[in-house]
Amino acid sequence: MFPDLTIFLPERSEDSISESLRELTRQICLKTDDDGSGGLGGEYGYGCNFENSVFAMHRYCWCEEDDCKWCNGEEPNFYYKPSGTCISWYKYIGRDNDIDGSLPDDWFKTCIESIWGKNDCWIEFSKDDEYDLITLCFSPFDKDTIVSIHLNYFNPLYVVKTWDADTFFITFFDEDMNESEYKKVEKLRKKYPQMDKKISEMALKYNKEMIEWHQKRIEIIEDYKNDKTRN
Ligand SMILES: [Zn+2]
């Protein structure tokens with residue numbers, strides 16, 4: 001933790017424990033690149049699995065294994081360590097929340113501060129009206145390091161996600177960014193090399209997943225072709 005640095009929290013629509021737990025899930029996903037799949041629980045509605053010295057969070061579990069601590073109720077979905085407070089929910093956050101103990105006023109801030117370290121950065125993918133939008137934060141401790149990039153028809157998200165950091169930035173410089181923004185991003189890349197690293201790691205992961213996906217498609221198509229030949 002870095003007590004001398006201020007963390008800029010996103011604005012929240014309602015100040016409730018559930019809202020905070022969903023936002024906490026979002027921040028953990030930004031930190032860990034977990035996708036936080038939502039479904040009926042809404043975006044970030046199920047929580048995610050994460051633990052540090054301040055808190056532990058665990059998604060609602062459906063596994064029904066005998067020795068599962070979450071299915072048999074031994075462990076809560078959220079445990080705030082400083083006050084020993086436990087919160088459990090049914091399937092998604094906010095549904096039948098069961099709170100054991102109380103939370104101090106600063107619990108949310110303390111949790112957020114415990115997640116982020118000096119060499120972190122985050123990338124968020126979202127939709128802005130009709131276009132995909134990528135928001136990059138080169139350092140969670142400085143709101144001036146946030147840069148947003150709109151994707152266009154020629155560079156859809158599934159293509160952008162395959163790129164290394166140089167291709168990523170050079171492409172957007174050419175197309176979209178004005179001179180001052182260009183210089184700002186160049187400076188940020190030098191000052192916070194973690195962003196280049198993160199982009200490359202995400203691209204590597206995505207490309208590997210796509211290879212597996214294509215390999216599976218090839219197998220399915222070959223099976224189908226062989227069946228047809230036999231008939
Ligand atoms: Zn389970």
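The values are calculated or read from the model by the stated rules, or taken from the named source; none is laboratory data. Just so we're clear, the structure is a prediction, and the values are computed from it rather than from any experiment. Backbone-built Cβ (ideal geometry, glycine too); neighbour counts: all protein chains shown.
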Taking the residues in region 194-216 that are closer than 16 Å to Ala165 by Cα and among the aliphatic types (A, V, I, L, M) as candidates, determine which candidate is surrounded by the fewest Cβ atoms within 10 Å (Cβ to Cβ).
Leu204
So, of the residues in region 135-168 that are of a type in the set (A, V, I, L, M, F, W, C) and loosely packed, with under 13 Cβ neighbours inside 10 Å, which turns out to be modelled with the highest pLDDT?
Val159
May I ask you to list pairs of residues, at least six apart or on different chains, whose Cβ atoms are under 6 Å apart, with the first in region 165-188 being over 14 Å from Asn152 (Cα atoms) and the second being among the hydrophobic types (A, V, I, L, M, F, W, C) and loosely packed, with under 12 Cβ neighbours inside 10 Å?
none
Selection within region 54-76 - within 13 Å of the ligand (Cβ to nearest atom) and touching a Gly at 6+ places or on another chain (Cβ under 6 Å):
Arg59
Residues located in region 77-102, provided they are away from the ligand (no atom under 16 Å from the Cβ) and polar (S, T, N, Q)
Ser83, Thr85, Asn97, Ser102
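For (1) under 30 Å from Glu51 (Cα atoms); (2) surrounded by 14 or more Cβ atoms within 10 Å (Cβ to Cβ), each residue gets a yes or a no:
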{"position": "Trp116", "(1), (2)": "yes, yes"}
{"position": "Leu133", "(1), (2)": "yes, yes"}
{"position": "Ile170", "(1), (2)": "no, no"}
{"position": "Phe173", "(1), (2)": "no, yes"}
{"position": "Tyr192", "(1), (2)": "yes, yes"}
{"position": "Ile218", "(1), (2)": "no, no"}
